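**Student:** Can you read through this structure? Questions will come right after.
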Amino acid sequence: MNGPRVGVAGAGIAGTLLAWRLKLADRSLRVELVDTPSAERGATGVSGGLVRGYEPDPLQLDLAASTLAELRVSRLLRAWSGYQETGSAYLRADPADPSAMEHLERLLPGSARACAPGEAPFVAARHTVVERHAGFISPRRFRDEVLADFVRIGGDFVHGTVDAVHAEPGAVVSWLVDGERRCYDRCVLAAGPWTPALLPGDEYRTKLIQYGVYDATGTLPAPFVDAVTGLYGRPGPGNGVLLGVPSDAYDVDPTNLRPVPALLRRTSDLATRVFPELGLAGPRHVVVAADCYTAPPGLRLRPTAGAGTNLFTFTGGSGGAAKTALAAARHAADRLLHQSPVPA
Ligand SMILES: Cc1cc2nc3c(=O)[nH]c(=O)nc-3n(C[C@H](O)[C@H](O)[C@H](O)COP(=O)(O)OP(=O)(O)OC[C@H]3O[C@@H](n4cnc5c(N)ncnc54)[C@H](O)[C@@H]3O)c2cc1C
């Protein structure tokens, strides 16, 4: 193997899928994926894993529905990700854009229908996009399986912490891994909520995400998002329900997070209001983590600010990249492979 060297920092679902896609597409590439020894600390390890095709933003819809379509047709990817098809519901104040529904129909035929208030078995007052081919995956298991395959097909997985990234226009990119400088033709920072610390600037921010697993006497018909209140959730695990609401806690330190009691109160208040039949008891356990946020949101390959360098980011999942990562990684790998490197 003496092809170009590509370094990817961060083996969450984003970095791992990108490294794997690159290696699958061109076995001569020397792809090195670097992660700290405790990779389970990232968003991928605790993600709720809700996957559906519908998103209000057309680009995110395309990525989410393409990811789901690829997952559904591949027995291997379904097994690796632990995909469970439960359906899903996206609750809105107004009807979904008909062109979004048409695009969804092209990518996931027969899956989605737009229901007027009262037509769907959910919240009577909402318009609802009901999807048949949706559900949840285990992002952590998916990452672990893809990582194992990446190594099987000749990718290098390096345990270590990336630091002191150095990129100049038209030159190789380098970083320190536990004190040793390593050079690459192209580098991608995919360190999720740790990316802002590696690449200071105001383009990338961290934000806290919290959900609780609650004991309940009733259950939910399917995973849902209520765009009106922000409440989201899914039935299970076990006979509980997983519920959360978005936080507004930005610029948090991803290694030092604590549960926010006010968010827990808001979650159970909203759940009781939106689903009065649920019979909610206190949370059995609470998960608190962070993700990397960008505007506009979404996981995609972005060049870094230094014009003409070979340094990119692949992050910005903004709380929703488990559902788009497979397709986003394919686009990112295509771009990295087919855009000629900035010459040294
Ligand atoms: C609580 C929670 C629930 C979520 N639920 C859903 C959901 O239901 N559906 C959905 O679609 N999305 C969901 N998301 C969002 C989705 O899980 C994330 O967008 C996605 O997992 C982000 O993956 P990532 O690879 O970008 O980041 P991460 O998974 O955070 O991975 C970053 C990796 O970088 C490594 N790293 C950090 N610093 C360094 C360094 N200096 N050197 C080397 N490696 C480093 C870390 O160890 C880590 O492994 C949720 C997120 C959270 C936090």
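The values are calculated or read from the model by the stated rules, or taken from the named source; none is laboratory data. Bear in mind that the values here come from a model prediction, so they are computed numbers and not experimental data. Please note: Cβ atoms are built from the backbone with ideal geometry, for glycine as well, and neighbour counts cover all protein chains shown. These area figures cover heavy atoms from the full protein model, side chains too; ligands, DNA and RNA do not enter into them. Shrake-Rupley method; radii C 1.70, N 1.55, O 1.52, S 1.80 Å.
**Student:** Roll a 1.4 Å probe over the protein chains and send me the accessible area per residue for the chain in Å². Present the calculation step by step, with values, prior to reporting the outcome.
**Tutor:** On the way: 14790 Å² over 344 residues.
Using a 1.4 Å probe on heavy atoms only, each residue of the chain averages 43 Å².
**Student:** Go through P196, L208, Y250 and say which Cα lies farthest out towards the positive end of the charge dipole of segment 196-271; charges sit on Cβ, +1 for Lys and Arg, -1 for Asp and Glu.
**Tutor:** So the residue furthest toward the plus end is L208.
**Student:** Pairs of alpha-carbon atoms within less than 8 angstrom and 6+ residues apart define the contacts here; what relative contact order does segment 5-46 have, in percent? Kindly include the intermediate steps, with their values, before the conclusion.
**Tutor:** Details: 47 pairs, mean separation 21.2, N = 42.
Once divided by the residue count of segment 5-46, the mean separation gives 50 percent.
**Student:** Sticking with this structure for a sec: Can you give the local net charge around L199? Use residues other than it whose beta-carbon is closer than 13 angstrom to its beta-carbon, Lys and Arg +1, Asp and Glu -1.
**Tutor:** Numbers: positive: R205, R302; negative: D163, D202, E203.
Once positives and negatives cancel, what remains is -1.
**Student:** Take D248 and V46, extend 7 Å from each Cα along the Cα→Cβ direction, and tell me the distance between the two endpoints in nm.
**Tutor:** For the pair D248/V46, the computed spacing is 2.2 nm.
**Student:** OK, next. Dipole magnitude of segment 235-344 about its Cα centre, charges +1 at Lys/Arg Cβ and -1 at Asp/Glu Cβ only, in debye to the nearest 20?
**Tutor:** Values: 10 positive and 7 negative charges, 32 e Å.
It comes to approximately 160 debye.
**Student:** Tell me, what is the FRET efficiency for N239 and A116 to the nearest 0.05, using R0 = 35 angstrom and their Cβ-Cβ distance as r? List each step's numbers first, then the result.
**Tutor:** Details: r = 32 Å, r/R0 = 0.91.
After rounding to 0.05, the efficiency reads 0.65.
**Student:** Looking at the chain as a GNM with Cα springs under 10 Å, which of A120, A325, A19 has the largest mean-square fluctuation?
**Tutor:** A120
**Student:** Pulled fully out, how much extra length does the chain show between E70 and D163, if you take 0.36 nm times their separation in residues and subtract their Cα-Cα distance?
**Tutor:** Numbers: separation 93, 0.36 × 93 = 33.48 nm, distance 3.47 nm.
Between E70 and D163, full extension yields an extra 30.0 nm.
**Student:** Okay, moving on. Rank V287, V34, V146 by mean-square fluctuation in a GNM of the chain with C-alpha springs under 10 angstrom and give only the top-ranked residue.
**Tutor:** V287
**Student:** Can you give the relative contact order of segment 1-145 as a percent, counting alpha carbon pairs under 8 Å and 6+ residues apart? Before the final figure, lay out each step's value.
**Tutor:** Working: 252 pairs, mean separation 39.1, N = 145.
That works out to 27 percent.
**Student:** Then there's this: With every protein chain left in place, what is the accessible area of Y204 in Å² (1.4 Å probe, nearest 10)?
**Tutor:** 10 Å²
**Student:** Using a 10 angstrom cutoff on alpha carbons, build the Gaussian network for the chain and name the most mobile of A43, A333, A216.
**Tutor:** Between A43, A333, A216, it is A216 that shows the largest mean-square fluctuation.
**Student:** A further question follows. Which whole-number percent is the relative contact order of segment 165-266 (Cα, under 8 Å, 6+ apart)? Mind showing how you got there, number by number?
**Tutor:** Values: 137 pairs, mean separation 22.1, N = 102.
About 22 percent, as a whole number.
**Student:** Could you check the simple spin-label distance between E105 and R335, using points 7 Å along Cα→Cβ, in nm with one decimal?
**Tutor:** Result for the modelled spin labels: 3.1 nm.
**Student:** How much of the accessible area of the chain, in percent, comes from carbon and sulfur atoms when a 1.4 Å probe is used?
**Tutor:** Values: 7940 of 14790 Å².
The value for the chain is 54 percent carbon and sulfur by accessible area.
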